[in-house]
Amino acid sequence: MTYTTSNTASAQLNAFQSLDVDQQLALFWFIYTEMGKSITPAAPGASTVSPTIAEGLFNQVKDLPHDEQLQLQRDLITHKNTLISREYGAIGDTTKLLFWYLLAQGMENGTVSPMPEDYKLSQEADALFTQIKGLEFNEQITLFRNIVAPMGVDPNNVEHDSETGL
Ligand code: 45D
């Protein structure tokens, strides 16, 4: 897979990916709380998104116990070869973004395991958060798409995993 990244965004992409898994999740959550209101699933450009596919994947997650919901989000970031990771890896980048958005909404409305109330970002993650807030809206979207694109497992490009049998 190839991704196009602007120069500014790629520094932030590297910084994001160097955070540990939980800090990535936590920062992504804070990003959602910051900009969630300005995201409208009917935004222009929605043509490349497949809402039904994002919802189908989300519905599988929604029905899982809370600890498994958290684990599978960690698995997406660490590219663990699971069924959900593979399904995720097979969908388009903007649809991946919509899937994360649905997860965040689920965390807000109680269908997905929520954030602890008093969670604090690490200094590193918080510094990156400040930078991201300073980006233009379009740069932010590009960055988020580049963050979610490589997550999960590309089912066409992975070795057999004896642990999961996939
Ligand atoms: O206890 O073109 C920790 C569309 C540890 C439309 C944790 C769009 C402690 C078409 C790990 C912290 C809308 C798709 C717990 C465009 C602990 C279109 C858990 C744009 C519980 C452009 C943390 C879409 C967890 C956009 C589980 C811009 C954190 C979408 C989870 C943006 C965080 C989506 C999540 C964003 C964050 C989603 C799920 C920013 C999701 C963020």
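Here are the numbers for this structure:
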read-out: Listing of helices (runs of 4 or more DSSP H) fully contained in segment 72-166 that carry 1 or more residues being at pLDDT 95 or above and closer than 17 Å to Gly36 by Cβ; value: 93-109, 123-133, 137-148
read-out: Residue match in segment 106-113 (condition: open to solvent by less than 30 Å² (accessible area, probe 1.4 Å), more than 9 Å from the ligand (Cβ to nearest atom) and of a type outside the set (Gly, Ala, Ser)); value: no
read-out: Conditions (1) within 9 Å of the ligand (Cβ to nearest atom); (2) within 16 Å of the chain's Cα centre (by Cα): number failed by Ile91; value: (1)
read-out: In segment 59-71, residue nearest to the ligand (Cβ to nearest atom) [restricted to those that are in a helix (DSSP H, G or I) and open to solvent by 20 Å² or more (accessible area, probe 1.4 Å)]; value: Leu70
read-out: Complete set of residues in segment 20-42 that are outside any helix (DSSP H, G or I) and near the ligand (Cβ under 8 Å from one of its atoms); value: Ile39, Thr40, Pro41, Ala42
read-out: Test for Tyr119: is it more than 10 Å from the ligand (Cβ to nearest atom) and either out of contact with any Asp or Glu (no Cβ under 7 Å at 6 or more places or on another chain) or not hydroxyl-bearing (Ser, Thr, Tyr) (or both); value: no
read-out: Total residues in segment 135-163, condition within 16 Å of the ligand (Cβ to nearest atom) and farther than 15 Å from Thr78 by Cα; value: 12
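The values are calculated or read from the model by the stated rules, or taken from the named source; none is laboratory data. Quick caveat, the model's predicted, so the values are computed rather than measured. Glycine gets a Cβ as well: all are built from the backbone with ideal geometry, and neighbour counts include every protein chain shown. Areas reflect the complete protein model, heavy atoms only, side chains present, ligands, DNA and RNA absent. Shrake-Rupley method; radii C 1.70, N 1.55, O 1.52, S 1.80 Å.
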